[in-house]
Amino acid sequence: MEFIAQNMAPIMFASLVIFLLIGYPVAFSLAANGLLFFFIGVLVSPYSGGSINLAWPLLHALPDNFYGTRVMSNDTLLAIPFFTFMGIVLERSGMAEDLLDTIGQLFGPIRGGLAYAVVFVGALLAATTGVVAASVIAMGLISLPIMLRYGYDRRVASGVIAASGTLAQIIPPSLVLIVLADQLGRSVGDMYAGALIPGLVLTGIYMLYILIMSIVRPNSMPALPLEARTLGHGVISLLVALLVTGAISYAAYRYLAPNHGDNADILGFAVGVIVIYVVAIADQRLGLNLMSKLAQQVVIVLIPPLALIFLVLGTIFLGIATPTEGGAMGAVGALIMAAMKGRLTRDVVNQALASTTRLSAFVLFILIGARVFSLTFYGVNGHIWVEHLLTSLPGGETGFLIGVNILVFVLAFFLDFFELAFIIVPLLAPAADKLGIDLIWFGVLLGVNMQTSFMHPPFGFALFYLRSVAARVPYLDRITGKQVAPVTTGQIYWGAVPFVLIQVIMIGLTIAFPQMVMRYKGPAVEPSTIDLKLPDMPSLSPLGTPPADNGAAPAKGGAPAAPGTPDLSQPPSFGDAPAKPAPAPDLSQPPKFN
């Protein structure tokens with residue numbers, strides 16, 4: 001009994017792992033484990049030597065945990081259904097299909113052009129949807145048949161699609177960043193600002209890998225044949241359009257700068273984009289032939305999602321809106337975009353609402369189970385056990401970061417990012433804070449690491465999503481009429497391995513170059529350059545010196561009285577004649593009461 005009582009925390013954690021490995025639902029595993037060990041902890045607490053602080057009345061705290069600011073009244077978590085709804089509506093609106101077709105035509109003449117387009121569109125979808133499932137399924141349905149049609153290696157095609165879909169986890173407005181910020185007790189806006197550069201760097205590394213593969217194995221990713229480039233040529237026209245947009249934006253900036261200050265650059269850029277978008281629409285509708293067909297399509301297809309990105313992320317970064325408000329505006333923007341394309345139907349809204357409700361309920365049930373588990377785990381001093389275990393790792397801060405990332409990487413084989421965020425992160429955060437690690441940097445690092453949970457064979461969810469939409473049997477291609485072989489599960493798994501290694505490299509880069517994340521704090525301020533200016537104050541006599549009369553000589557050793565300085569040694573005068581002092585009473589006679 002004494003052994004169980006004094007080692008309750010590791011036993012409780014090990015039993016949770018066993019529950020999860022058996023396959024019991026995560027939310028119920030957490031809650032059942034917490035209640036079971038609460039009962040055991042109350043029974044064995046007399047044998048614990050004071051290390052267990054559990055009693056039956058402590059269960060009364062659970063309703064407050066459920067309905068308090070950590071779960072049901074948590075404004076931060078309210079952003080999750082908004083961003084989920086926005087992403088699903090955009091996926092149903094056909095935006096991904098238009099983007100892939102247009103960007104694929106733009107990059108088509110070069111080897112690996114379709115792969116570049118998939119990564120580029122994956123980054124755009126990540127910045128507009130924030131939902132991995134929507135990105136992977138949309139690109140799997142649209143781009144995988146096209147890549148197979150034109151001779152792409154199946155492993156390369158599968159890996160590129162799955163990896164680009166997981167960018168929705170690290171590029172804002174990612175759902176996992178919202179959850180991490182909530183669990184770490186930090187601002188979602190700061191978490192978004194810190195994750196932006198690592199997400200873009202990871203996108204660049206994906207493209208670098210495609211470039212290397214197109215050189216080493218050129219047959220694995222051929223260029224689009226000429227007959228497939230239906231938009232024709234027109235890259236020079238697109239470059240001219242970009243230059244014109246830049247010139248208009250600069251002119252608008254110079255015009256707006258005197259009245260709008262720091263916001264003039266953003267407003268000027270918005271003016272330039274609106275002008276070129278209106279010109280492209282007019283050119284397409286009226287047949288003015290000002291731009292090539294390719295340039296028209298790129299401008300018309302790219303600007304709406306970029307505008308939505310600015311509506312969501314720009315307002316958050318500028319401090320105009322909170323993440324929850326930004327998500328609400330994004331959901332409205334997604335509805336408007338779907339309506340503009342004529343695809344806003346009742347079925348689309350019903351599907352988006354059903355998926356949003358399902359995901360939100362999933363998150364809340366896990367969070368409620370995590371609150372039950374943490375109540376007991378903290379009652380048996382489990383947080384102290386974890387903190388001592390992690391802070392005692394050799395190597396100090398570096399050793400802690402390496403050990404934690406190995407732990408999260410291994411657990412990601414079995415748990416998805418929501419489960420990792422609600423179970424593991426609350427245990428790791430106190431130890432990181434004690435070591436002086438910036439929690440925003442720590443959260444972004446964990447976000448990059450948890451990204452691998454979508455790509456790990458054999459349990460990666462992105463691989464499951466792609467498997468669900470990839471062909472399982474041979475089929476006839478609707479364009480060429482040729483029979484196309486199916487994509488096997490092994491090809492999907494092997495295609496994911498290089499991108500898992502890239503994600504591991506990105507974890508190392510984030511540790512080695514923390515300034516990629518720490519830029520969210522802005523430039524450092526040198527204290528010696530701070531110039532404090534106080535307002536002018538009327539001079540006063542030195543301390544310990546009686547105040548001088550106006551125009552009178554100062555007291556000995558005192559400073560001259562400033563003009564208009566009142567004489568504080570006398571009662572204030574309000575313009576009336578000074579009253580004569582009352583005669584002193586004669587106390588030798590009895591008082592008279594006339």
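The values are calculated or read from the model by the stated rules, or taken from the named source; none is laboratory data. Since this is a predicted model, take the numbers as computed values, not measurements. FYI the Cβ positions are ideal-geometry reconstructions off the backbone, even for glycines, and counts take in every protein chain you see. Surface accessibility is based on the protein's heavy atoms, side chains included, excluding ligands, DNA and RNA. Shrake-Rupley method; radii C 1.70, N 1.55, O 1.52, S 1.80 Å.
Projected over every direction and averaged, the convex hull enclosing the alpha-carbon atoms of segment 306-369 yields 5.3 nm².
Starting from the Cα gyration tensor of segment 72-158, take the square roots of the eigenvalues, sort them a ≥ b ≥ c, and report rounded, prolate or oblate (rounded when a/c is under 1.5, otherwise prolate if a/b is larger than b/c, else oblate). Taking the square roots of the gyration eigenvalues as a ≥ b ≥ c, segment 72-158 is prolate. When a 1.4 Å probe is rolled over the protein heavy atoms, the share of accessible surface on segment 17-129 that falls to carbon and sulfur comes to 67 percent. Solvent exposure of segment 61-182, expressed per residue, is 25 Å² of accessible area, with all protein chains present and a 1.4 angstrom probe. Between residue 501 and residue 336, the distance separating the two model label sites (each 7 Å from Cα on the Cα→Cβ line) works out to 4.6 nm.
Extension gain for residue 480-residue 513 works out to 7.0 nm (0.36 nm per residue, less the C-alpha to C-alpha distance). Close amide-amide hydrogen proximity is noted between residue 475 and 484, each under 5 Å apart and 5 or more residues distant or on a separate chain (H modeled in the peptide plane; Pro and chain starts excluded).
If N is the number of residues in segment 378-495, what value comes out of its Cα radius of gyration divided by 2.2 N^0.38 Å? Present the calculation step by step, with values, prior to reporting the outcome.
Details: Rg = 20.2 Å, N = 118, 2.2 N^0.38 = 13.5 Å.
Expressed relative to 2.2 N^0.38 Å, the Cα Rg reads 1.50.
Classify segment 141-294 from the C-alpha gyration tensor, please: rounded if a/c falls under 1.5, else prolate or oblate depending on whether a/b exceeds b/c. In terms of gyration-tensor shape, oblate.
For the pair segment 50-111 and segment 362-377, the centres of their Cα atoms are 16 angstrom apart.
Which one of 221, 241, 203 has its Cα pushed farthest toward the positive end of the charge dipole of segment 199-329, where Lys and Arg give +1 and Asp and Glu give -1 at the Cβ? Comparing the listed Cα positions along the dipole, 221 ranks first. In order along segment 174-190, the Karplus-derived 3J(HN,Hα) couplings, from 6.51 cos²θ - 1.76 cosθ + 1.60 at θ = phi - 60°, round to 5, 5, 5, 5, 4, 5, 4, 4, 5, 6, 8, x, 10, 6, 5, x, 5 Hz, and Gly and Pro are given as x. Probe radius 1.4 Å, ligands and nucleic acids ignored: give me the carbon and sulfur share of the accessible area of segment 145-203 as a rounded percent. For segment 145-203, the apolar C and S fraction of the accessible surface comes to 53 percent.
The 1.4 Å probe gives accessible areas that order 441, 56, largest first, as 56, 441. Quick check: from the Cα gyration tensor, does segment 1-87 come out rounded (a/c under 1.5), prolate or oblate? Oblate, since a/c reaches 1.5 and b/c is not below a/b.
For segment 30-188, the normalised intensity computed at q = 0.21 Å⁻¹ comes to -1.20 (log10 of I(q)/I(0), Debye sum over alpha carbons, equal scatterers, no solvent).
A simple count of charges around residue 488, restricted to other residues whose Cβ falls under 14 Å of its Cβ and scoring Lys, Arg +1 and Asp, Glu -1, yields +3. Just going by the charge dipole of segment 1-135, with Lys and Arg at +1 and Asp and Glu at -1 on Cβ, which of 102, 7, 81 is farthest out on the positive end? Projecting each Cα onto the dipole axis, the largest value belongs to 7. If the chain linking residue 358 and residue 64 were pulled fully straight, counting 0.36 nm for each residue of separation and taking away their Cα-Cα distance, it would gain 103.4 nm.
Under conditions of 37 °C and 0.692 mPa s, segment 205-277 yields 211 µm² s⁻¹ as its translational diffusion coefficient, taking Rh as the Kirkwood radius over Cα pairs in the Stokes-Einstein equation. An ellipsoid equivalent to segment 404-461, defined through the eigenvalues of its Cα gyration tensor, has semi-axes of 22, 10, 9 Å when rounded to whole angstrom and sorted largest first.
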